[in-house]
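Since the structure comes first, as structure tokens, the remarks are kept for the end.
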Amino acid sequence: MEKSFVMIKPGFLEFEPQIVERLSKIGKITKRQKMKLNNEILAAHYHEHIGKPFYEGLCKYMKSGEVVGFQVEGEDGLVEKIREAVGSTKNPEKGTIRHDFGIGEITRNVIHASDSPKSGQEECNRMFEQINQFGIEIL
Ligand code: GTP
Ligand code: MG
């Protein structure tokens, strides 16, 4: 079994029904929460990107509004299947979530999805089990 943490980014919450429909064809949504992120949790979530040219802008955007996070569970291969449904970072293909609901911007690219089973476990744990440690209010 695998877990993926999927998050609808600020400004795209209106597409939650369509996104849920697509995710539900791949796995089972077992947790959902709406929240507003802060610098502390973003530094943990995006630790591999700290110091990159886009990091500050990415955090500013990710703090600019509400997000909705999901834990999606399923059989082996789930994480990869969800990444395929999400689409690539720079050039998402037609039929993917980033293409179909996006505005063609790399930063505001609709949605986050875990990139490996290991990060899926870690991100779900951080965002659902350890969330209080970051002072995040669940909305
Ligand atoms: P996530 O599912 O959100 O983690 O996206 P990803 O795995 O496709 O991309 P990655 O982890 O490399 O980057 C995290 C996020 O940073 C992306 O979703 C983008 O929002 C943003 N990002 C990544 N690369 C760039 C870049 O070159 N320029 C800008 N402006 N933003 C970037
Ligand atoms: Mg990533």
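Please treat every number below as a calculation from the coordinates, not as lab data. Being a predicted model, the structure only gives us computed values, none of them experimental. When we count neighbours, we look across all protein chains shown, and the Cβ atoms used for this are built from the backbone with ideal geometry, even at glycine.
A few comments on the model shown:
- Among 12, 54, 101, residue whose mean-square fluctuation peaks in a GNM of the chain (springs only between Cα atoms under 10 Å): 54
- Taking the chain as a Gaussian network of alpha-carbon nodes connected by springs under 10 Å, the highest mean-square fluctuation of the residues 80, 16, 48 belongs to 48.
- Too-long pairs where the Cα-Cα distance tops 21 Å, listed order kept, from 25/60; 3/52; 28/81; 3/60; 36/90: 25/60; 3/52; 3/60; 36/90
- In Hz, Karplus ³J(HN,Hα) per residue of segment 15-32 (6.51, -1.76, 1.60; θ = phi - 60°; x = Gly, Pro): 8, 3, x, 5, 5, 4, 4, 5, 5, 5, 7, 9, x, 10, 7, 10, 8, 8
- Phi-based couplings in Hz for segment 61-77 (Karplus 6.51, -1.76, 1.60; Gly and Pro marked x): 5, 5, 8, 7, x, 6, 10, 10, x, 10, 9, 10, 10, x, 6, 3, x
- Longest segment of the chain lacking trypsin sites (Lys or Arg not before Pro) that sit in a DSSP loop with at most 14 other Cβ atoms within 10 Å: 26-89
- Whole-Å distance, taken between Cα centres, linking segment 81-128 and segment 26-78: 10 Å
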